[in-house]
Amino acid sequence: MNYKLRENVIECLSATSETSQVVALMDSEEYEQFVAVNMANYDFGFELPLVDVDEVASDFIGILKEFNPEILITAWRTPYLPEDLPQQLPSLQYIAHCCGTVQPILPRFLIEKGLLVTNWGPTAARDVAEHCLMQTLASLRKVSKFQQQMHFKGKWRDEEVSVSSLFNKKVGIYGTGNSAQQYAKLLKAFDCEISMYSLGIPEDLDPCIYVARDIKEIFADNDVVVVLEAANKDTYGSVDKQLLSLIKPGGIFVNSARGIIVNQEDLTDIALKGEILIALDVYEPEPLDKNSLLRGCENVLLTPHVAGPTKDNRALCGLYCLRNVENYLLGKPVKSIITTDDYDRMSPN
């Protein structure tokens, strides 16, 4: 089976009439980016037909019944799976998700009932961390201000150019997950003093990182404040005007987690005061309204939810997923198993 070209990828569905142990349920673009390149370059010991969600629409369960799969490989465009999935697909034992949060594709009930579910684990964290580092450096160097002044106002620079370096800065991170830890690793090259806060502290957290006693400490005591926390019922709106007002004048606030963690009205009010520098990759809702007051603020750097994974690195996320499937079929342990506690901490989108 040829996995290199889109035409052949789509043909996988129509060309395969017998049952298949492993089936991909996603769209053809995701299949190319996450799966096809790896299937072409490695021998995993199984074939992987695609059920293209753009082709089968709402009848995907009926198509899956024809394959009778033991394993489903899923991605962002996978339709939401019903609670009675085990009754409709009694052979299904494992869902290997090529992406991060699984809340948008399956109910908690399926994990409660024993369905094995894994995701991309730590593979996208480096990309997100890299983007956060870019946001941090660009804010310190006031890139948003200079871009607007030079592109649209014909200006050069003020007599007194006040930009800053990241070296030896104090950086507070709201979050302790994979992306937060990867960001902390990047900061070490700048001799930063790093602190973190989260409701859940992982056992493998670098012991050199100071764990703040409460979230106020993160916002009040650092030069740079970065949000990389999971979005869930415990963190929705947790960053508000009270916390944002604790950031010292000239300080930096970065959010590359989820927009819903930050009260957007409070954030806009703080941004318009112009006392701190802000870098955002996520918003609530998305996309950012074309009339948002955040647009045009010289102290606000905006990117359109592109932190990660970057397109060129999605194959790594797919490879992680496919290796998990390979290990499962060989009776070996799989990584990044999603528990109900993990599910509850994940973002719904």
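Quick note: the coordinates plus some simple rules give every number you see, no bench work behind them. Remember, it's a predicted structure, so these values are computed and weren't measured experimentally. All Cβ positions, glycine included, derive from the backbone under ideal geometry; neighbour counts span all protein chains shown.
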Enumerate the residues in the stretch 310-345 having an amide nitrogen under 18 Å from the point lying 7 Å beyond the Cα of D234 toward its Cβ. 338-345
With +1 on the Cβ of every Lys and Arg and -1 on the Cβ of every Asp and Glu, and nothing else charged, how large is the dipole of the stretch 111-251 about its Cα centre, in debye rounded to the nearest 20? 560 debye
Residue with peak Gaussian network fluctuation, the chain [Cα springs, cutoff 10 Å], from I218, I63, I278: I63
Run the quick spin-label model on L205 and R157: label points 7 Å from Cα toward the beta carbon, then report their separation in nm to one decimal. 3.8 nm
Got the relative contact order for the chain handy, in percent, Cα pairs under 8 Å and 6 or more residues apart? 19 percent
Normalised by the number of residues in the stretch 125-302, what is the relative contact order in percent for Cα pairs under 8 Å and 6+ residues apart? 23 percent
If Lys and Arg each add +1 and Asp and Glu each add -1, what is the summed charge of the other residues whose beta carbon sits under 15 Å from the beta carbon of N232? -2
Long pairs among K216/K241; K216/K248; K185/K332, criterion Cα-Cα beyond 19 Å: K185/K332
Any residue on another chain or 5+ positions along whose placed amide H is under 5 Å from the amide H of V117 is listed here as I95, I338
Translational diffusion of the chain, µm² s⁻¹ [Kirkwood Rh, Cα pairs; Stokes-Einstein; 4 °C; 1.567 mPa s]: 59 µm²/s
What dipole magnitude, in Debye to the nearest 20, does the chain give about its Cα centre under +1 on Lys/Arg Cβ and -1 on Asp/Glu Cβ? 1100 debye
Using 0.36 nm per residue of separation minus the Cα-Cα distance, give me the extension gain between S164 and F44 in nm, one decimal. 38.3 nm
Of all DSSP beta bridges having both residues in the chain, the percent classed as antiparallel (nearest 5) is 5 percent
Compute the angle between helix 178-187 and the longest alpha-carbon principal axis of the chain, please, reported from 0 to 90 degrees and rounded to the nearest 10. 40 degrees
Built amide H within the under 5 Å cut-off of A279, gap 5+: F253, V254, N255, L301
